[in-house]
Amino acid sequence: MTDTSAESVPDLVDSIYRTESRRVFATLVRLLGDFDLAEESLSDAFAAALQQWPREGVPDNPRAWLVSAGRFKAIDAMRRRARFDASLETLAQRIDTSENELTNEEQVADDRLRLIFTCCHPAIDPKIQVPLTLREVCGLTTEEIASAFLTSPPTMAQRIVRGKAKIRDAKIPFAIPSLADLPERIEAVLSVIYLVFNEGYSASAGAEVTRTDLSDEAIRLARLLLQLLPDPEVMGLLALMLLHSSRRTARLSPEGDIILLEDQDRELWDRDLIAEGKSLVQSSLSSGHFGEYTIQAAISAVHADAANAAETDWQQIVAHYDLLLRAAPSPVVELNRAVAIAMCDGPEAGLALIEAILQRGDLTEYYLAYSAQGELLRRMGRLAEAQSSFNHSLTLAKQEPERRFLSKKIAMLKETADQ
Amino acid sequence: MKFVCMGFIEESKWESVPEEEGQRLMNECFDYDDELRRGGHFLGGEALKSAREAVTLRFTNGNVAVTDGPYAETKEMLGGILLLEARDLNHAISLMSKHPGVKMGPFEIRPADEQVNALVAERDAAFKG
């Protein structure tokens, strides 16, 4: 027991709650096999800590104490309630007698990983995987998640209830997938984390472009995942998010308007995040087993190395996009490659590629395809056509800052045309 | 977060329950309230008498009109409220889903408006001070 004055115990419990409660929760989920029961016994355990620690001193391993208190409280509660529901006695018996390694560090660390895999299980609707992960693994409240996704708490609460019911009814295990299933399952987890990040970095609708809290949460989640599972693509995703984040302050004007990569003040880029991102890209590339996240991060790292847009190694960026097209072919990747080609070989070459994509019927609802087309036409001096591309892009853009950006472009083109 | 949980019951059905059975159901609810107290979730509650004992006031044409009975004539009537402390809406849902009262009629769970409540508390303190 550690000697701590009684007055500081509530503060200590508070800080332990912030850092440890989700880990304790994850272990309780494993021990009790039930989300609701785990949540209840978690709050019981912290309530007990508030009562007992001032009297008896703070235990040397508070987390282990909380897990064991939570487990005990749960068994206690089940025994009390067994008179309403006889099946609870059997369950209490099983939990009470099972020999679980409560404090084994490795096991406990794995519990959060188990929980991530459970919340991102393919049997759960992908729309529900994201909020479920944010709530159960990261500890965000339903209200916080609802506000981040611009929906009402009751709507979000129902999704989470459905997710938990699915886990219960489909008997989704609290387990780390077998080696054979692992690659596919990691992919699902990574895509959930990236969705959370993107929702924070470039919110799909609303007045502001970034919701930093969600991006931070995604990065925290990826760090945790990497700690538990040092997979090259986990490194790649973390690197990608760190490199994106390094430009967070440079990509928006004080008025909240978008500033394109080429126009950003590179002095504002966060060098620490870049250094960490680049070192992760290196580690992942040297593993030889990397995938799309690592390649995207590698592209971002090339930008991070350049003093300005003109000095960027566009050849290398095109080479990375070629690689990415093979690893994860998509029209959006093709569009980005076309923009890079325009930087290497001139706007005509890029424009031909973009128009081929659009003629094929791809990306015709994607505002960035038309704004890229408009930008290349502008560089070629075809101002009237450029203006009409930007106009079309504006009809497709949903976010206020995107719309302001496009309107500004159109106004500038009109001005040039009038001169 | 504080939540107000409103329990609705079908009064005629509830009144037709034999006394002994009614007592048993009530005790079951009280026992679960104890469970909520243990976790620090039970902040308080009020049981209501029959809606037949209600009067409703309405301000119409510059006057207050008084009518017998509840504001809304529905099959299920508000039977009582419970004040609940929970981490978030999903926590409140999970706590109240296990409440035996839900077998007697629906619960409506609403977050307390803490902004307005803070103003009320301020007035309260000023008045007492």
Name the residues in the range A:335-374 that are in a helix (DSSP H, G or I), in contact (Cβ under 8 Å) with a residue 24 or more places away in the chain and of a type in the set (Asp, Glu), would you? A:GLU348
Does B:GLU114 satisfy the condition of being within 27 Å of A:ALA157 (Cβ to Cβ) and either crowded, with 16+ Cβ neighbours inside 10 Å or within 14 Å of chain A (Cβ to nearest Cβ) (or both)? yes
Is there a residue in the range A:8-16 that is surrounded by 15 or more Cβ atoms within 10 Å (Cβ to Cβ) and within 14 Å of chain B (Cβ to nearest Cβ)? yes
Among the candidates B:PHE42, B:PHE30, B:PHE3, residue that is within 14 Å of chain A (Cβ to nearest Cβ), out of contact with any helix residue (DSSP H, G or I) (no Cβ under 9 Å at 6 or more places or on another chain) and closer than 30 Å to A:PRO154 by Cβ: B:PHE30
How do the pairs read when you match residues in the range A:391-419 that are more than 16 Å from A:LEU252 (Cβ to Cβ) with residues anywhere that are surrounded by fewer than 18 Cβ atoms within 10 Å (Cβ to Cβ) and polar (S, T, N, Q), using Cβ under 8 Å and keeping only pairs 6 or more apart or on different chains? A:LEU394/A:SER407; A:LYS398/A:SER204; A:ILE410/A:ASN391
Of the numbered conditions (1) assigned to a loop (DSSP other than H, G, I, E, B); (2) more than 17 Å from the chain's Cα centre (by Cα), A:ARG248 satisfies every one except a single condition; which is it? (2)
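Of the residues A:VAL318, A:VAL339, A:VAL333, which is of a type in the set (Val, Ile, Thr) and touching a Gly at 6+ places or on another chain (Cβ under 8 Å)? Reasoning before the result, please.
Values: A:VAL318 fails: touching a Gly at 6+ places or on another chain (Cβ under 8 Å); A:VAL333 fails: touching a Gly at 6+ places or on another chain (Cβ under 8 Å).
Answer to the check: A:VAL339.
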Of the residues that sit in the range A:35-44 and are within 10 Å of chain B (Cβ to nearest Cβ) and not hydroxyl-bearing (Ser, Thr, Tyr), which one is farthest from A:VAL161 (Cα to Cα)? A:ASP44
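A:ALA26 - would you say it is within 14 Å of chain B (Cβ to nearest Cβ), buried (at least 21 other Cβ atoms within 10 Å of the Cβ), at pLDDT 90 or above and out of contact with any strand residue (DSSP E or B) (no Cβ under 7 Å at 6 or more places or on another chain)?
For A:ALA26, the condition - within 14 Å of chain B (Cβ to nearest Cβ), buried (at least 21 other Cβ atoms within 10 Å of the Cβ), at pLDDT 90 or above and out of contact with any strand residue (DSSP E or B) (no Cβ under 7 Å at 6 or more places or on another chain) - is not met.
Quick check, is A:LEU37 surrounded by fewer than 17 Cβ atoms within 10 Å (Cβ to Cβ) and aliphatic (A, V, I, L, M)? Walk me through how you get there before you give the answer.
On the way: surrounded by fewer than 17 Cβ atoms within 10 Å (Cβ to Cβ): no; aliphatic (A, V, I, L, M): yes.
For A:LEU37, the condition - surrounded by fewer than 17 Cβ atoms within 10 Å (Cβ to Cβ) and aliphatic (A, V, I, L, M) - is not met.
Looking at the range A:146-183, which of its residues are over 14 Å from A:ARG135 (Cα atoms), free of Cβ contacts under 8 Å to residues at least 40 places away in the same chain and part of a helix (DSSP H, G or I)?
Narrowing the range A:146-183 to residues over 14 Å from A:ARG135 (Cα atoms): A:150-152, A:154-155, A:165-183.
From the residues that got through so far, the ones that are free of Cβ contacts under 8 Å to residues at least 40 places away in the same chain too are A:151-152, A:154-155, A:165, A:169, A:171, A:178-183.
Scanning the range A:146-183 gives A:PRO154, A:THR155, A:ALA165, A:ASP169, A:LEU182, A:PRO183.
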When A:SER152 is run through (1) within 14 Å of chain B (Cβ to nearest Cβ); (2) within 26 Å of A:TYR17 (Cβ to Cβ), the failure sits at (2)
Looking only at the range B:97-107, how many residues end up being away from chain A (no Cβ under 11 Å) and hydroxyl-bearing (Ser, Thr, Tyr)? 0
What are the residue pairs meeting all of these: first residue in the range A:289-305, first residue more than 20 Å from A:ALA250 (Cβ to Cβ), second residue charged (D, E, K, R) and part of a helix (DSSP H, G or I), Cβ atoms under 6 Å, and 6 or more apart or on different chains? A:GLY291/A:GLU233; A:TYR293/A:GLU233
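Yes or no, residue by residue, for (1) buried (at least 16 other Cβ atoms within 10 Å of the Cβ); (2) aromatic (Phe, Trp, Tyr); (3) away from chain A (no Cβ under 11 Å):
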{"residue": "B:ALA72", "(1), (2), (3)": "no, no, yes"}
{"residue": "B:ILE81", "(1), (2), (3)": "yes, no, yes"}
{"residue": "B:ARG87", "(1), (2), (3)": "yes, no, no"}
{"residue": "B:HIS91", "(1), (2), (3)": "yes, no, no"}
{"residue": "B:LEU95", "(1), (2), (3)": "yes, no, no"}
{"residue": "B:ILE109", "(1), (2), (3)": "yes, no, no"}
{"residue": "B:ALA118", "(1), (2), (3)": "no, no, yes"}
{"residue": "B:GLU122", "(1), (2), (3)": "no, no, yes"}
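Go through the range A:218-255 and count every residue that is touching a residue at least 60 places away in the same chain (Cβ under 8 Å) and either more than 27 Å from A:GLU311 (Cα to Cα) or crowded, with 20+ Cβ neighbours inside 10 Å (or both).
Of the range A:218-255, the ones touching a residue at least 60 places away in the same chain (Cβ under 8 Å) are A:220-221, A:224-225, A:227-229, A:232-233, A:236-237, A:239-240, A:243, A:252.
Of the ones still in play, those that are also either more than 27 Å from A:GLU311 (Cα to Cα) or crowded, with 20+ Cβ neighbours inside 10 Å (or both) are A:220-221, A:224-225, A:227-229, A:232-233, A:236-237, A:239-240, A:243.
Residues flagged as touching a residue at least 60 places away in the same chain (Cβ under 8 Å) and either more than 27 Å from A:GLU311 (Cα to Cα) or crowded, with 20+ Cβ neighbours inside 10 Å (or both) within the range A:218-255 amount to 14.
The values are calculated or read from the model by the stated rules, or taken from the named source; none is laboratory data. Quick caveat, the model's predicted, so the values are computed rather than measured. A quick note on method: Cβ atoms are made from the backbone with ideal geometry, for glycine too, and the neighbour counts reach across all protein chains shown.
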